[in-house]
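Below is one structure, written out as structure tokens; the observations come after it.
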Amino acid sequence: MKKTAIITLFCGTLLLALQGCNKNQKTDKKIFRYNESSGIASLDPAFAKNQSIMWAVHQLYSSLVEVDKNLEIKPLLVKDWQFSNDKKEIVFNLRTDIFFHDDAVFANGKGRKMVAEDVRYSFNRIIDASTVSPGAWIFNNRVDSIEPFKVLNDSTFLLKLQRPFHPILGILSMQYCSIVPREAVEKYGIEFRRHPVGTGPFQFVAWDEGQALILKKNKNYFEKDSSGIALPYLDGIKVSFYDSKATEFLEFRQGRLDFINDIDASFKDEVLTKTGNLKKQWQGTLQLNKHPYLNIEYFGILQNESNPIVKQSPLRFKKIRQAINYGIDRRKMMLYLRNSIGTAAESGFVPLGLPSFDANEVMGYTYNPSKAAKLLAEAGYPQGKGLPTLKLLTIPIYSNLASYVANELQLLGINVQVETIQKSLLLEQTSKSQAMFFRGSWIADYPDAENYLSVFYSKNPAPPNYTRYKNEHFDAMYEKALAEENDSLRYKLYQQMDKLIVEDAPVVPFWYDMVIHLVHNNVSNFAPNSLNMLELRWVRKG
């Protein structure tokens, strides 16, 4: 279809009357508009591997369970669930009032009822090698290898595990686990990526890649608010794809976008004070939403001592790694590089925002140059004398962070050579254990500290264990925590594991991240959450 035809479709047939298509056209439709500067690669939940896809998929599809604002698991497509006594089976009782979006793939174009077979099909599709889903790992070595997913009847579904795995419900809340209808996948084939059919609060209208994605309210959506009003409140969503952050910011300032996710570094000082608050000229005209975000930024250090590059590096010595951790002023970094967006990582690797986080229990590294100097001397490198230059690999957008760290460490006599490479190359080198000292980050896939601690479980490959860390005591506690039902006892195990990571220092944590949104005042019920999921079904627009 020609571009002009699609634009005509947007403005006319869609009945969304989107502003910007016809400036003279009046509308009372409530359209929420946001920009996706990185674009959207697919609308197929089996490929929901990054935030841009996850946000769009979350509007179009639903999963069995979801994570609420308190990071607790609650039912969505199910009424409830029961674990077997041995915790290896879960029976889900599905709601019986869920319908797929109206689509030509169904009889008479009317969306049919969702049943347990749709759940089985959706989950099997993720692990089917022919799908080539990047989400296949979520079930690997976790679900039963013979019959992991079973239909008991139309409204009852059984999931079998190889062994007890407490975070399984969190995994089922991921966008990978959205429920799809077999008919649509088989009819549209590879085009299913751009012809989504789900059960979510919004349904697909059109997508002109590189221009706009249009969704409209699903009038058959099953959720209602406490007053019995059907969700969502919005009439539709328009996603634009300006790749320039400057253009995005200009569009937002002029009211053509309803919110901005994060603020580009080039605009931070224009909008925010060094303490992370709105400057006076913006107060009263915009909302600034801030909330802990389950993401940690860090530098990783390769640990596999059988690897030749580790054998030749002074970073193989724990005291050198600890000295580096003590030698960086994270609080100053947050003030000058981040406008206080986030929290200095002075606890462990598990970030602020998770229920098991306890800064009093897990004490990490604070800025202590004298202690760093003492550790350097004990390692045989007083004031850094004789210490070879360390090569640090990073990506372009974090070059300022790397330079800051290099300058801090130089004061101790530790010389760091920063090498900036493309993200794809860095991922390749860290996956192949070819990077000794490298920039990394870890965003939660689901709200459980196990997701972070799995980064150091020695039986895991890279990813997620990019440092190739191995500690038998850590591994034993990790395996014990997976089967522990008591939250308090499991949290204690998590904290003990985190303390081991602090002691062994395979990473240099920098900050626990923060969700930051700029939102126009005519938008309400737009609440951030620790997974930074774009939640629009409760949003109102005045």
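Results for (1) among the aromatic types (Phe, Trp, Tyr); (2) touching a Leu at 6+ places or on another chain (Cβ under 7 Å); (3) closer than 22 Å to residue 519 by Cα; (4) buried (at least 24 other Cβ atoms within 10 Å of the Cβ), shown as yes or no for each residue.
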residue	(1), (2), (3), (4)
34	yes, yes, yes, no
38	no, no, yes, no
45	no, no, no, yes
49	no, no, no, no
53	no, no, yes, no
57	no, yes, yes, yes
65	no, yes, no, no
70	no, no, yes, no
74	no, no, no, no
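Do we have residue 111 as of a type outside the set (Phe, Trp, Tyr), in contact (Cβ under 8 Å) with a residue 40 or more places away in the chain, part of a helix (DSSP H, G or I) and outside the structural domain of residue 460 (by TED's automatic domain parsing) here? Answer is no for this residue. Within segment 159-171, residues that are within 16 Å of residue 65 (Cα to Cα) reach partners that are surrounded by 19 or more Cβ atoms within 10 Å (Cβ to Cβ) and among the small types (Gly, Ala, Ser) with beta carbons closer than 8 Å, at six or more positions or on different chains, in the pairs 166/481. Filtered by the rule that a residue be of a type outside the set (Gly, Ala, Ser), surrounded by 15 or more Cβ atoms within 10 Å (Cβ to Cβ) and assigned to a loop (DSSP other than H, G, I, E, B), segment 465-514 gives 465, 466, 467, 468, 469, 470, 471, 484, 506. For the residues 210, 276, the requirement of being surrounded by fewer than 21 Cβ atoms within 10 Å (Cβ to Cβ) and within 21 Å of residue 51 (Cα to Cα) singles out 210. The single condition among (1) within 24 Å of residue 237 (Cα to Cα); (2) surrounded by 18 or more Cβ atoms within 10 Å (Cβ to Cβ); (3) of a type in the set (Phe, Trp, Tyr) that residue 92 does not satisfy is (1). Annotation note: Cβ proximity below 7 Å between a residue of segment 342-354 that is more than 15 Å from residue 448 (Cα to Cα) and in contact (Cβ under 8 Å) with a residue 40 or more places away in the chain and a residue that is surrounded by 23 or more Cβ atoms within 10 Å (Cβ to Cβ) and hydroxyl-bearing (Ser, Thr, Tyr) (sequence gap 6+ or interchain) occurs for 342/512; 343/512; 345/512. All conditions in (1) under 19 Å from residue 393 (Cα atoms); (2) touching a strand residue (DSSP E or B) at 6+ places or on another chain (Cβ under 9 Å) hold for residue 307, with the sole exception of (2). Would a scan of segment 314-322 turn up a residue that is part of a loop (DSSP other than H, G, I, E, B), over 24 Å from residue 518 (Cα atoms) and in the same structural domain as residue 365 (by TED's automatic domain parsing)? Yes, because at least one residue in segment 314-322 is part of a loop (DSSP other than H, G, I, E, B), over 24 Å from residue 518 (Cα atoms) and in the same structural domain as residue 365 (by TED's automatic domain parsing). For segment 413-456, which positions are assigned to a helix (DSSP H, G or I), out of contact with any helix residue (DSSP H, G or I) (no Cβ under 7 Å at 6 or more places or on another chain) and either surrounded by 19 or more Cβ atoms within 10 Å (Cβ to Cβ) or among the aliphatic types (A, V, I, L, M) (or both)? Those that are assigned to a helix (DSSP H, G or I), out of contact with any helix residue (DSSP H, G or I) (no Cβ under 7 Å at 6 or more places or on another chain) and either surrounded by 19 or more Cβ atoms within 10 Å (Cβ to Cβ) or among the aliphatic types (A, V, I, L, M) (or both): 425, 426, 427, 430, 451, 452, 454, 455.
The lone criterion from (1) part of a helix (DSSP H, G or I); (2) more than 21 Å from residue 375 (Cα to Cα) left unmet by residue 407 is number (2).
Report every pair of residues separated by at least 6 positions or lying on different chains whose Cβ atoms are under 6 Å apart, first residue within segment 214-229 and in contact (Cβ under 8 Å) with a residue 12 or more places away in the chain, second surrounded by fewer than 16 Cβ atoms within 10 Å (Cβ to Cβ). From segment 214-229, the pairs are 222/97. Exactly one residue out of 139, 123, 106 is aromatic (Phe, Trp, Tyr), surrounded by 16 or more Cβ atoms within 10 Å (Cβ to Cβ) and more than 26 Å from the chain's Cα centre (by Cα), and it is 106.
Tallying residues that are in a helix (DSSP H, G or I) and exposed (fewer than 13 other Cβ atoms within 10 Å of the Cβ) within segment 236-260 yields 1. Taken over segment 22-38, the criterion of being in a loop (DSSP other than H, G, I, E, B) and at pLDDT 95 or above is satisfied by 30, 36.
Consider segment 273-313 and keep the residues that are of a type in the set (A, V, I, L, M, F, W, C) and assigned to a helix (DSSP H, G or I). The one that is nearest to residue 505 (Cα to Cα) is 310.
Kindly establish whether residue 360 is part of a helix (DSSP H, G or I) and loosely packed, with under 13 Cβ neighbours inside 10 Å. It is false that residue 360 is part of a helix (DSSP H, G or I) and loosely packed, with under 13 Cβ neighbours inside 10 Å. If you take the residues in segment 375-412 that are touching a residue at least 40 places away in the same chain (Cβ under 8 Å) and charged (D, E, K, R), which one is surrounded by the most Cβ atoms within 10 Å (Cβ to Cβ)? In this case the residue turns out to be 408.
Only one entry of 215, 272 meets the criterion of being in contact with a Leu (Cβ under 8 Å, 6 or more places away or on another chain), farther than 23 Å from residue 535 by Cβ and among the aliphatic types (A, V, I, L, M), and that entry is 272.
The values are calculated or read from the model by the stated rules, or taken from the named source; none is laboratory data. Keep in mind that this is a model prediction, so the values were computed, not measured. Virtual Cβ from ideal backbone geometry, glycine too; neighbours counted across all protein chains shown.
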